[in-house]
Amino acid sequence: MNKEINISFYGGVGEVGRSCYIIEHENKSIMLDCGIKLGEEVQVPEIPKEKLNSVSEIFISHAHLDHSGYLPHIFSEGHSKNIIATKPTRDMLSVLLSDYRRIQKKPKFSQKDVDMVIKKIEITEYGANKNRFNYELYQSGHILGGAMIKLGIDNGILYTGDICTRNTRILEGCKKNISTKTLIVESTYGSKEDLIPSIKEEASKMVSLINQTLKEGGFVLIPSFAVGRAQEILLILDDYMQSGALSRVPIYVDGMINKVLRIYRHNAIYANEEIKRKILMSDYDPFHSPNFKKPKTKDRSDVLAEPCIIVTTSGMLSGGPALFYLEKLSEDPKNMLLFVGFQAEGTNGRKILGGEKEIEIDEKKIRINMKIEKLKISGHSDFNELLQFINGISGLEKVFLVHGESKDLCESLEKKYEVIAPKIGEEYKI
């Protein structure tokens, strides 16, 4: 029996996207996440066929496609794997993977493959589990159902996935002060310059920008990721509108966000105590606020009838209803395009943030004259929060930095731990 532990990295290193890592121990092979990298072209993990063949279990930390989108590709190639995830992750994957297939010009997998992925998911709760191998799940604080996994081998191997140490409108921060010998931790905001303001500070800024735009008679377009970011933004808008601080106009919710709102409501037991209290102890449902409206007409003429707030997919302006609204609103300088999330290289969102005044949608050139603003409202931990999280772990000896920028974190951690910033295809024995 092989007692060595090997960790291999096939994506999500030195980059944000296509997270995919494999741990081999005692003839078991476990994959940690299975994502894609969205941009002008979809990039997938660079896994050798023999490594993929040997994998028996795939752990999915959360539903975002950069951690899960490669699953149906694997199944389409005839690889049927056991998948471990929480219930909210399973429910959201059924929506996200189907939508991912739909928006591809030439889908590389079928809806049947998506259905098989969902069927193979073993729903797992936070806490200790001993089904086939010892592991424990902890809340990650990133999105509903997001989980860190600790494997019970060699005094612990903890994989964080994406984590947020701060409390948000919907979730409590991730589990802290865990004991483990080896850590595989995300570093999306791993640069010293990556400091995220408080949610209260950015929310106040958002309300001020929106009120000013509405006062001038303009529309507010907020492209957002359907899972996590949209729900956080909507609850912030709703809270400020209820308090009277935000002008009372319709908040139109378009695209896949509506499906995900229903999933969040059905899985509200995974949310923080305040959300559960609102739902259980009052008549108010924060995921079904009377301030949220859906377009009633096919041409969305009702949405565009008078100034309002529009929260819609996709978050990087790479598809979805957001492109329709952008085309309709982009030339009027009274209107505002408000970014609230990461914009990948090559996407329309990154081009506009970079200052481009003309983009192409369906072979039609669109002039960008509307106001452009960006907020730092994130479901990730920033540089200081990552340091605090890592230094709070007991028994830690070895740290692998993945999923983002790592130079500053390396320099800050290497006096205390063995720190490794792996490259794609590299394998380490521990």
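Read-outs: derived from the displayed coordinates by stated rules, not from any lab. Computed from a predicted model, the values in this text were never measured in an experiment. Positions of Cβ are backbone-derived with ideal geometry, glycine not excepted, and every protein chain shown enters the neighbour counts.
What to note about this one:
- The stretch 172-220: GluC sites (Glu not before Pro) in DSSP loop, at most 10 other beta carbons within 10 Å: 193
- Between helix 87-103 and the chain: long-axis angle, C-alpha atoms, 0 to 90°, nearest 10: 70 degrees
- Other-chain or far-sequence residues with amide H under 5 Å of residue 82's (modelled H): 58
- Share, in percent, of DSSP beta bridges within the chain that are antiparallel, nearest 5: 45 percent
- Rounded to the nearest 10 degrees, the angle from helix 257-266 to the longest Cα principal axis of the chain is 60 degrees.
- Mean ellipticity per residue at 222 nm, deg cm²/dmol - from DSSP H runs of n ≥ 4 across the chain, formula -39500 (n - 2.57): -8500 deg cm²/dmol
- Pairwise Cα separations in the stretch 67-164 fall into 5 Å bins from 0 onward with the following percentages, short to long: 3, 13, 22, 21, 18, 14, 7, 3, 1, 0.
- Shape analysis of the stretch 354-423 places it in the prolate category; the axes a ≥ b ≥ c from the Cα gyration tensor give an a/c of at least 1.5, with a/b above b/c.
- Three semi-axes of the equivalent ellipsoid, the stretch 5-159, Cα gyration tensor, whole Å, largest first: 23, 17, 15
- Sequence of 208, 378, 187 once ranked by neighbouring C-beta atoms within 10 Å, starting from the fewest: 208, 378, 187
- The stretch 32-47 - phi-based ³J(HN,Hα) in whole Hz, Karplus 6.51/-1.76/1.60, Gly and Pro as x: 9, 6, 7, x, 10, 10, 8, x, 4, 10, 6, 10, 10, x, 9, 9
- Residue separation of residue 49 and residue 245 scaled by 0.36 nm, minus their Cα-Cα distance, works out to 64.9 nm of gained length.
- Footprinting exposure proxy for 105, 150 (fewest neighbouring C-beta atoms within 10 Å first): 105, 150
- Candidate cross-link partners of residue 200 among the lysines, defined by an alpha-carbon separation under 19 Å and a same-chain spacing of 8 or more, comprise 374, 376.
- Put simply, the convex hull of the Cα atoms in the stretch 208-276 casts, on average, a shadow of 5.1 nm².
- In Hz, Karplus ³J(HN,Hα) per residue of the stretch 353-364 (6.51, -1.76, 1.60; θ = phi - 60°; x = Gly, Pro): 4, x, x, 5, 9, 8, 10, 10, 10, 6, 6, 10
- For the stretch 175-289, the spread of Cα positions along the three principal axes, ordered from largest to smallest, is 56, 39, 26 Å.
- Seen against the Cα atoms of the chain and their longest principal axis, helix 229-243 is set at about 40 degrees.
- Dipole check for the chain: with +1 at the C-beta of Lys and Arg, -1 at the C-beta of Asp and Glu, and the Cα centre as origin, the magnitude is about 900 Debye.
- Here the convex hull built on the C-alpha positions of the chain has a volume of 139 cubic angstrom per residue.
- Think of the chain as having a plus end and a minus end, set by charges on the Cβ of Lys, Arg, Asp and Glu; of 344, 134, 402, 134 sits farthest toward the positive end of this dipole.
- A straight Cα-to-Cα reach below 17 Å connects residue 37 with the lysines 105, 106, 108, 423, residues fewer than 8 places away in its own chain not being considered.
- Sequence-distant residues sharing a close amide H with residue 165 (under 5 Å, placed H): 174, 381
- Here's how it looks for residue 361: its modeled amide H is under 5 Å from those of 366, which are all 5 or more places away or on a different chain.
- With θ taken as phi - 60° and the Karplus curve 6.51 cos²θ - 1.76 cosθ + 1.60 applied, the whole-hertz 3J(HN,Hα) list for the stretch 49-65 is 4, 5, 5, 5, 4, 7, 5, 10, 10, 10, 9, 10, 5, 6, 7, 4, 4 Hz, x standing for glycine and proline.
- When only the Cβ of Lys, Arg, Asp and Glu is charged (+1, +1, -1, -1), the dipole of the stretch 199-374 relative to its Cα centre reaches about 200 debye.
- Between 305, 147, 230, the residue with the greatest mean-square fluctuation in the GNM of the chain (Cα pairs under 10 Å linked by springs) is 305.
- Directionally averaged projected area (convex hull, Cα atoms, the stretch 103-232), nm²: 12.6 nm²
- Nearby lysines by direct alpha-carbon distance to residue 176 (threshold 17 angstrom, same-chain neighbours under 8 apart not counted): 150
- Cα-based equivalent ellipsoid of the stretch 237-389: semi-axis lengths in Å, sorted from largest, via gyration tensor: 29, 22, 15
- Within a Gaussian network of the chain (alpha carbon springs, distance under 10 Å), most fluctuating of 56, 191, 282: 282
- Counting other Cβ atoms within 10 Å as a rough exposure proxy, the listed residues 188, 160 run 188, 160 from fewest neighbours to most.
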